[in-house]
Amino acid sequence: MNAARKAGRWLSGPIPVSVVLALLIGACFMIIAGVDPVSGYVAMLQGSFGTGSGLANTLQRAVPIIGIGIAIAIAFRAGVLNLGTEGQAGLGALTGGIVAVYVPGPAILIVPLAFIVAIATGAAWGLISALLQNLLGVPILLSTLLLNYPARYFSSWLIRFQLNDPSTDLVATQQLRPEVQLGMLVPKDSAFADTLRSTFGPTSPITAVLTGVNWSIIVLIIVIAGAVFVNRRTRFGFESGLSGQNAEFVRYGGVKPGPLVTRTMALSGGLAGLFGVMLIIGAPSTRLIEGYFVQTNYAFTALLVTLLALYRPIGTAIAGLFFAAIMVGSDAMGRELGLSPQIAAVIQALVIVLLAFRVALPRMRRRGANGANGAAATGEPVGEPPLTEHALAEPHAPVPGAPQHAPTATGADTKESDR
């Protein structure tokens with residue numbers, strides 16, 4: 001009974017309601033465009049999960065979104081607003097890709113070296129913002145956002161004017177050697193692939209996923225498991241979770257905010273760089289192309305995913321898969337029904353806007369009620385309780401009007417928020 005009650009309370013919470021309302025508003029846009037919404041969403045679902053190739057495309061599209069989302073979630077959970085993952089991932093892709101393309105040597109050495117260089121580059125770019133805040137008081141929110149631009153334009157300049165391959169019409173570098181490319185889980189021309197086709201069929205989901213998704217998905221699974229472990233079982237995870245909920249309590253507990261911000265930005269930027277380079281050297285990609293990473297818009301989508309998941313690793317994976325399905329399904333809907341694939345961007349934006357509205361509305365109501373009660377009793381306004389992850393999960397739960405108390409040292413609240 002408790003499980004059913006919890007499920008019902010979650011289904012009436014801000015996240016499911018926001019998703020449903022966004023889909024309904026998206027249906028209105030389809031009607032305006034002259035398309036049957038039922039047919040549109042059936043085509044979207046069929047295109048993203050209904051076929052083997054659609055499922056493989058959804059998983060492949062979800063990997064960088066979820067990975068960069070995890071990088072953002074690690075920072076946001078600690079109260080560090082890292083909006084610079086586009087630059088961190090882009091520079092990681094650039095430097096790691098340069099290693100993969102131009103450094104000679106066996107693949108068993110070059111691929112790990114490309115990963116290490118990409119992680120170090122992303123971490124270093126993130127540390128710039130941490131140092132600016134710790135030494136000069138520049139807010140990380142501002143510095144990370146602005147540092148995206150020099151990273152973007154430096155990468156474009158380097159590829160266009162220094163690394164451009166004249167043998168191709170693309171503004172791109174030389175091709176990767178096949179042996180240093182992250183191949184599919186099962187190579188398409190292997191004997192095992194032939195066995196899968198003969199056993200399950202060439203278009204079955206098993207065959208399509210194993211032969212159409214590269215090894216970056218394994219790295220993603222390891223990163224998600226590592227993020228859950230760090231959040232629940234390590235001192236850094238405990239301190240960063242408390243810092244995101246109540247920075248003053250952590251400071252009184254003896255944790256220095258400067259080193260915590262530095263560690264958080266290094267970890268967040270390093271993960272962004274890792275998934276940036278995997279997007280470049282993972283099949284079917286074969287080159288560094290000017291503006292490719294920026295055009296994918298993965299960093300912004302990952303930010304939406306993180307906000308929707310409330311910084312939880314497992315929630316980020318689910319939300320990232322949902323957004324990837326919308327993107328892949330919208331492409332299929334455009335091919336079948338002639339509807340613009342931009343409907344995916346509309347639905348994604350609506351989910352976040354409606355989520356913010358659903359979260360803010362109960363707070364405004366409580367503030368008005370508390371203010372009226374406080375004014376009647378004392379003649380003074382009553383303070384508004386701060387917004388927490390629990391308030392997002394249960395917006396209708398009664399919240400006292402007094403300021404939030406510092407969390408206890410048991411870590412129970414922190415662990416609950418990471419599930």
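Coordinate-derived values only; no laboratory data. These numbers come from a predicted model, not from an experiment. Every residue, glycine as well, gets a Cβ built from its backbone with ideal geometry; the counts of neighbours run over all protein chains shown.
For a label point 7 angstrom out from the Cα of Phe200 toward its Cβ, which stretches of the range 40-62 have the backbone nitrogen within less than 11 Å?
Within reach of a label on Phe200, which here means backbone N under 11 Å from a point 7 Å along Cα→Cβ, the range 40-62 contributes 52-53, 56.
Can you give the relative contact order of the range 2-360 as a percent, counting alpha carbon pairs under 8 Å and 6+ residues apart?
Answer for the range 2-360 is 35 percent.
If each residue of separation counts as 0.36 nm, what is the full-extension length gain between Leu142 and Ala33 once their alpha-carbon separation is subtracted?
35.3 nm
Please work out how much length the chain gains when fully extended from Val42 to Tyr102, using 0.36 nm per residue of separation minus the C-alpha to C-alpha distance, in nm with one decimal.
Result: 17.0 nm gained on full extension.
What's the exposure ranking of Val209, Val219, Val305, going from fewest to most Cβ atoms within 10 Å?
Ascending number of Cβ neighbours within 10 Å: Val219, Val209, Val305.
As a footprinting exposure proxy, order Arg152, Arg287 by other Cβ within 10 Å, with the fewest listed first.
Arg152, Arg287
Within a 10 angstrom radius of the beta carbon, how do Val277, Val38, Val328 rank from fewest other beta carbons to most?
Placing the least packed residue first, the sequence is Val38, Val328, Val277.
Name the shape class, rounded, prolate or oblate, that the alpha-carbon gyration tensor gives for the range 36-134, where a ≥ b ≥ c are the square roots of its eigenvalues, rounded holds for a/c under 1.5, and otherwise prolate holds if a/b is larger than b/c and oblate otherwise.
It comes out oblate by the Cα gyration axes.
For the range 2-360, what does the alpha-carbon gyration tensor say about shape, rounded, prolate or oblate, given a ≥ b ≥ c as the root eigenvalues, a/c under 1.5 as rounded, and a/b over b/c as prolate?
Working: a/c = 1.56, a/b = 1.05, b/c = 1.48.
Cα axes put the range 2-360 in the oblate bin.
Which shape class applies to the range 154-241: rounded if a/c is under 1.5, otherwise prolate when a/b exceeds b/c and oblate if not, where a ≥ b ≥ c are the square roots of the Cα gyration tensor eigenvalues? Working shown, then result.
Working: a/c = 3.50, a/b = 1.07, b/c = 3.27.
Because a/c hits 1.5 or more and a/b fails to exceed b/c, the range 154-241 counts as oblate.
Along Cα→Cβ, 7 Å out, is where each label goes; now give me the distance between the ones at Gln295 and Trp10 in nm to one decimal.
A separation of 3.9 nm, rounded to one decimal place.
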